[in-house]
Structures are given as C-alpha cells and as structure tokens.
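*Asks:* Have a look at this one.
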Amino acid sequence: MKTFEYHKPSSLDDAAKLLAQADAVALAGGMTLLPVMKQRLNSPSVVVDLAALEDLRGIRENESKGVVLGAMTTHAEVAGDALVREKLPALAELAAGIGDAQVRNRGTVGGSLANNDPAADYPAALLALNGSVHTNKREIAADDFFAGLFATALEEGEIIRHLHFPIPEKAGYKKFPQPASLYALVGVFAAKTNGGVRVAVTGAGSEGVFRVPELEEALGKDFSPESVPEKLSDGVEEKLLNDIHGSPQYRAALITALLRSP
Ligand SMILES: Cc1cc2nc3c(=O)[nH]c(=O)nc-3n(C[C@H](O)[C@H](O)[C@H](O)COP(=O)(O)OP(=O)(O)OC[C@H]3O[C@@H](n4cnc5c(N)ncnc54)[C@H](O)[C@@H]3O)c2cc1C
C-alpha cells in the first residue's frame with residue numbers, strides 16, 4: 001500500500017476542505033475502501049475519516065414523516081433501530097440481510113450508496129422508495145443519483161450527510177444472495193406510495209440498479225404477488241447481466257419469482 005496522510009476532522013467544513021485536495025478520499029467503515037487500497041486499485045494520497053462527524057450520525061423522523069439516516073449509520077444500526085423497524089420494516093430487513101455480522105457492524109449506508117456497487121442492497125431501496133441523498137452541497141433525488149456501475153451524481157469531494165426515505169403505504173424487499181459473496185444476485189424492492197408503485201432491481205442490471213415500469217404498472221393495479229407476470233418482456237432481459245453467476249434469462253426469472261413469492 002502506498003503511504004498516505006490520514007485525517008479525522010471533527011467538523012463537516014474541515015472534512016470538505018481536506019477532501020477538496022487532489023487525490024483525497026473519504027473513509028466511512030472501510031469495508032470497500034480498505035480492500036481496494038490494499039489491492040492497489042485505489043491509491044489516494046489523503047484519507048479523510050468521517051467517523052468523528054456528528055452531523056453524519058443518527059436516525060430520526062423528519063417533518064414530512066420520512067426516515068432520515070445519517071450517512072455513517074451502520075447496517076446493524078439500521079437493522080436494529082426501533083423507528084426504522086416500525087416505519088420502514090422492509091429497510092430494516094434489507095439491512096439485516098447485508099453480508100455478515102462484521103460487515104453490518106462496520107459498513108455504512110452512506111458508504112454503500114456512494115460506492116454504488118451494482119449488487120448492493122440500499123440502491124434498490126432508495127430508488128423504489130423515491131428517496132433522496134443530502135450532501136454538504138445539495139439534495140439529489142434517487143432518480144438522478146445512480147449513474148451506472150460504481151458511479152453516482154456525487155462530485156469529487158462531495159460528502160453525503162444523510163439519506164431521506166419516505167414512508168410507503170406498503171413495501172417489501174426480496175433478495176436472492178450470491179452464496180459466496182452474499183451480495184444480491186438479484187434483489188427486488190417494491191414500494192406502494194401515494195405517488196404510485198415503484199419497483200427497483202439490484203444485482204441484475206448491466207448498468208446497476210434500475211426500475212421496471214412493466215412491473216410497476218402491474219403492481220399499480222393490484223399490489224399483490226398474484227398480479228406479477230410470470231415472464232418479463234425481452235426489453236428487460238436485454239438490460240441484464242450475463243456472467244458466470246447467471247444468464248439474463250435466469251436473472252429475469254428470479255426477478256419475477258422473488259416478487260411472486262408470498
Ligand atoms: C464481505 C462483504 C460482504 C458484503 N455484502 C454486502 C451485501 O450483501 N449487500 C450490500 O449492499 N453490501 C455488501 N457489502 C458492502 C458493505 O455493505 C459496505 O456498505 C460497503 O462495502 C461500503 O463500505 P463502507 O460503508 O465501510 O464505506 P467505505 O468502504 O469506507 O467507503 C466506500 C466508498 O464510499 C465513499 N464514501 C463513504 N462514505 C461517504 C460519504 N458519507 N460521502 C461520500 N462518499 C463516501 C468512500 O470514499 C469510498 O469511495 C459487503 C462488503 C463486504 C466486505
């Protein structure tokens with residue numbers, strides 16, 4: 001590993017100044033960043049640890065009755081939090097199904113969304129719930145946040161402060177984990193809100209998380225497993241990954257099978 005400067009600022013302003021330097025990177029739980037640095041796939045000169053930023057912590061309900069998660073909230077905290085379990089049980093379940101206990105105790109919701117791994121779970125929740133990402137500079141709607149594999153709308157040095165998840169009337173998340181990594185081979189989040197039904201799929205898309213309008217239409221008529229079609233159109237299959245873990249046809253079949261399972 002190349003040598004680097006390590007900083008642990010205690011204010012968001014200081015963190016932003018440090019991250020404005022060339023070749024600086026934010027560190028959350030280190031679950032992705034540290035292995036990537038060890039493998040020399042990323043060799044930053046400056047590492048800015050976000051752990052002391054109080055502004056990035058906490059779980060609360062906001063004025064519009066949505067759930068707000070500080071970016072540094074760990075998956076274990078999301079899974080065990082009373083407010084999340086009451087208002088958004090699908091999100092608590094999603095968090096409880098991430099990786100293993102070590103990953104859940106170190107990994108953070110902000111790190112997961114900033115990283116935008118195409119098989120990560122939270123992107124499906126944020127997109128299906130029509131949530132938003134709040135940074136030190138602006139608010140970014142979920143529809144504008146994801147920009148392809150490991151890519152987001154975040155600018156260089158921009159820091160996620162918190163995430164906002166509106167409360168749906170009903171929602172559920174089903175994941176078929178890849179047995180070795182425990183990441184989603186396919187994960188489907190479906191949410192019914194007063195703005196309609198949104199369905200987001202992770203793990204399967206060749207460009208990362210995506211919505212499926214034909215499923216949204218079917219579930220919009222009747223939000224039940226029985227209304228999910230057995231087969232998706234060829235247009236959806238064309239967007240799906242083809243790798244050693246599964247063909248597009250297999251992944252497409254998993255999407256509907258997961259939604260049709262009670
Ligand atoms: C063995 C293993 C199994 C896993 N299984 C799953 C799984 O089943 N499902 C799943 O969804 N994930 C899974 N993960 C990923 C894990 O959940 C972490 O959330 C993810 O690795 C990001 O880690 P982190 O939060 O520690 O962020 P870090 O590794 O510290 O950072 C990741 C990236 O995000 C950036 N970043 C972090 N915080 C911020 C912020 N606040 N603002 C801006 N940029 C930021 C960093 O600069 C870095 O580029 C797994 C990871 C491992 C190692």
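*Asks:* What is the set of long-range amide H partners of Ala147 at a cut-off below 5 Å, with H atoms built 1.01 Å from backbone N?
*Replies:* Amide H to amide H, under 5 Å and 5 or more residues apart or across chains, Ala147 pairs with Thr152, Ala153.
*Asks:* A further question follows. Using each residue's phi in region 129-136, evaluate 6.51 cos²θ - 1.76 cosθ + 1.60 at θ = phi - 60° and report the 3J(HN,Hα) Karplus result to the nearest Hz, with x for Gly and Pro.
*Replies:* Each residue's phi maps through the Karplus curve to give 8, 6, x, 8, 10, 10, 10, 6 Hz.
*Asks:* A follow-up question, please. For Asp13, put the label point 7 Å out on the Cα→Cβ axis and report which residues of region 20-55 keep their amide N under 18 Å from it.
*Replies:* Only 20-21, 52-55 pass the distance filter.
*Asks:* Right, another one. Would you list the P(r) distribution for region 170-260, with all Cα-Cα distances sorted into 5 Å bins from 0 and each bin expressed as a whole %?
*Replies:* P(r) over region 170-260, rounded to whole percents: 3, 15, 28, 26, 16, 8, 3, 1.
*Asks:* Would you mind computing, in nm to one decimal, how far apart the modelled labels at Asp234 and Ser247 are, each placed 7 Å from Cα along Cα→Cβ?
*Replies:* The two pseudo-label positions are separated by 1.5 nm.
*Asks:* Another question, if that's okay. Can you list the residues, at least 5 places off or on another chain, whose amide H is less than 5 Å from the amide H of Ser206, using H built in the peptide plane?
*Replies:* Leu240, Leu241
*Asks:* What does DSSP give for region 1-107 in terms of the percent of beta bridges that are antiparallel, rounded to the nearest 5? Let's see the in-between values first.
*Replies:* Values: 3 of 10 bridges.
Percent antiparallel among DSSP bridges in region 1-107 is about 30.
*Asks:* For region 230-242, what does the Karplus curve 6.51 cos²θ - 1.76 cosθ + 1.60, with θ = phi - 60°, yield as ³J(HN,Hα) per residue in whole Hz, taken in order and with x for Gly and Pro?
*Replies:* Ordered by residue, 3J(HN,Hα) equals 5, 10, 8, 6, 4, x, 6, 4, 5, 8, 9, 5, 10 Hz.
*Asks:* What is the distance in Å between the Cα centres of region 224-259 and region 1-69?
*Replies:* Taking the Cα centre of each part, region 224-259 and region 1-69 sit 36 Å apart.
*Asks:* Check the straight Cα-Cα distances from Lys38 and name the lysines below 22 Å, setting aside those fewer than 8 residues away within the same chain.
*Replies:* Those lysines meeting the cut-off are Lys2, Lys8.
*Asks:* Please compute the length gained on full extension between Gln21 and Ser43, using 0.36 nm multiplied by the number of residues separating them and subtracting their Cα-Cα distance.
*Replies:* Computed gain between Gln21 and Ser43 is 6.5 nm.
*Asks:* Same structure, new question: Taking a cut-off of 19 Å between Cα atoms, list the lysines near Lys174, but don't count ones fewer than 8 places away on the same chain.
*Replies:* Partners within reach: Lys87, Lys192, Lys231.
*Asks:* Using only alpha carbons, build the gyration tensor for the chain and give me the equivalent ellipsoid semi-axes, biggest first, whole Å.
*Replies:* Numbers: eigenvalues 196, 89, 48 Å².
They are 31, 21, 15 Å, listed from largest to smallest.
*Asks:* Okay, moving on. What number, rounded to the nearest 500 deg cm²/dmol, is the helix-based mean residue ellipticity at 222 nm of the chain, given -39500 (n - 2.57) per DSSP H run of at least four residues and division by all its residues?
*Replies:* The helix-only estimate for the chain comes to -8000 deg cm²/dmol at 222 nm.
*Asks:* Here's a follow-up. Could you work out the relative contact order of the chain? I mean the mean sequence separation of Cα pairs under 8 Å and 6+ apart, divided by the number of residues, in percent.
*Replies:* Relative contact order, the chain: 15 percent.
*Asks:* To continue, here is another question. Whole-Hz ³J(HN,Hα) for each residue in region 106-115, computed from phi via Karplus 6.51 cos²θ - 1.76 cosθ + 1.60 with θ = phi - 60°, x for glycine and proline: what do you get?
*Replies:* Residue by residue, region 106-115 yields 10, x, 10, 5, x, x, 5, 6, 5, 6 Hz.
*Asks:* Hey, another quick one. Equivalent ellipsoid semi-axes for region 19-171, as square roots of 5 times the alpha carbon gyration tensor eigenvalues: give them largest first, rounded to whole Å.
*Replies:* Numbers: eigenvalues 120, 56, 42 Å².
Each semi-axis is √(5λ); the values are 24, 17, 14 Å.
*Asks:* Only Lys, Arg, Asp and Glu count, each charged at its Cβ (+1, +1, -1, -1), so figure out the dipole size of region 170-260 about its Cα centre, rounded to 20 debye.
*Replies:* On the way: 11 positive and 11 negative charges, 83 e Å.
Value, rounded to 20: 400 debye.
The numbers here are math on the coordinates, done by the rules we state, and not lab data. Not measured: the values here are computed from a predicted model. All Cβ positions, even for glycine, are placed from backbone atoms using ideal geometry, and neighbour counts span all protein chains on display.
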